[in-house]
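**Student:** The structure is given below, and queries will be raised subsequently.
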Amino acid sequence: MSLSPEAIATLKKITTATITTILLKKGLRNVWLRGSRPLRPGQERLVGPAFTLRFVPAREDLATPESWSKPISTRTAIEAMPAGCIAVVDAMGITDAGIFGDILCARMAKRGVTALVTDGVVRDLEGVLGTGLPVWCDGAAAPPSVAGLTFVNWGEPIGCGGVAVFPDDVIVADQDGAVLIPQAFLELILTEGPEQEAMEGWIVNEVNNGAELPGLYPMNAETKARYAASKTKK
């Protein structure tokens, strides 16, 4: 799946908070990836299709430094990542083994990967930050991935931060964390997201002008009429 430049530009203007609210109204409550926080403060909102990777618990005969040279490895997976994707990694919430370090993140940046999102941690923190690759994760740890995890595959459904992520689902990540948009709901977000942002911007302006919350947020009939009138004046 490829996202059009227009879709990406629209989604970059829609907060993850707004996306979760719209999806909640459609019955989707579990779309926020727990443990995925921006590694760099002030990171801009980013958008991309999910490229999934999966770890399972470490097994001593498989999780070895030698495994890094095998056909099924994080190194091979990175070479399969298309430009513009967001790598979403199921690290099972393990926080004492870094799944990627500076060298792997540098290669991802070189390939044009938009961001790395994981419920695990990275290692070589200073070096990872130096690559410029935007990362959402649960912190940093010195030990390598094989100290706590076994890499098993990429390009398949995973669970990341307690959320089911399928390849090419859309990921939006900002200061509130990373949120999944199922493919079937992308058009809904593209349609309703900008209007929700505009409406909430108008509400904030009303609050700044001294308006009280009851009847304003959520809007009653009178407030809805005033909001509709304000749009016709533009």
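The values are calculated or read from the model by the stated rules, or taken from the named source; none is laboratory data. All values reported here derive from a predicted model rather than from experimental measurement. All Cβ positions, glycine included, derive from the backbone under ideal geometry; neighbour counts span all protein chains shown. In case anyone asks, the SASA skips ligands and DNA or RNA and just uses the protein heavy atoms, side chains included. Shrake-Rupley method; radii C 1.70, N 1.55, O 1.52, S 1.80 Å.
**Student:** Limited to the range 8-50, what total is found for residues that are among the β-branched types (Val, Ile, Thr) and either exposed (fewer than 13 other Cβ atoms within 10 Å of the Cβ) or not in a helix (DSSP H, G or I) (or both)?
**Tutor:** So the count comes out to 4.
**Student:** Something else now. Does Val47 satisfy being under 16 Å from Cys137 (Cβ atoms) and among the β-branched types (Val, Ile, Thr)?
**Tutor:** Criteria not met by Val47.
**Student:** How many of the residues in the range 87-118 are closer than 16 Å to Thr74 by Cα and outside any strand (DSSP E or B)?
**Tutor:** Total satisfying the criteria: 17.
**Student:** To continue, here is another question. Among the residues of the range 125-157, write down those that are among the aliphatic types (A, V, I, L, M) and over 15 Å from Ile72 (Cβ atoms).
**Tutor:** Result: Leu125, Val128, Leu129, Leu133, Val135, Ala140, Ala141, Ala142, Ala147.
**Student:** Every residue in the range 78-91 that is open to solvent by less than 70 Å² (accessible area, probe 1.4 Å), of a type in the set (A, V, I, L, M) and touching a Gly at 6+ places or on another chain (Cβ under 8 Å), please.
**Tutor:** Result: Ala80, Ile86, Val89, Ala91.
**Student:** Any residue at all in the range 51-69 that's closer than 28 Å to Ala17 by Cα, at pLDDT 95 or above, out of contact with any helix residue (DSSP H, G or I) (no Cβ under 9 Å at 6 or more places or on another chain) and not in a helix (DSSP H, G or I)?
**Tutor:** Checked against the condition, which is being closer than 28 Å to Ala17 by Cα, at pLDDT 95 or above, out of contact with any helix residue (DSSP H, G or I) (no Cβ under 9 Å at 6 or more places or on another chain) and not in a helix (DSSP H, G or I), the range 51-69 yields at least one hit.
**Student:** Oh, and also: Among the listed residues Ala141, Ala184, Ala221, identify the single one that is in contact with a Lys or Arg (Cβ under 9 Å, 6 or more places away or on another chain) and free of Cβ contacts under 8 Å to residues at least 60 places away in the same chain.
**Tutor:** Criteria check complete, one pass: Ala141.
**Student:** For Thr52, which of the numbered conditions (1) over 16 Å from Asn153 (Cα atoms); (2) in contact with a Phe, Trp or Tyr (Cβ under 7 Å, 6 or more places away or on another chain) fails to hold?
**Tutor:** It fails just one condition, (1).
**Student:** In the range 92-118, which residue that is of a type in the set (A, V, I, L, M) and over 17 Å from Arg54 (Cα atoms) is least open to solvent (accessible area, probe 1.4 Å)?
**Tutor:** Among residues in the range 92-118 that are of a type in the set (A, V, I, L, M) and over 17 Å from Arg54 (Cα atoms), the one least open to solvent (accessible area, probe 1.4 Å) is Val113.
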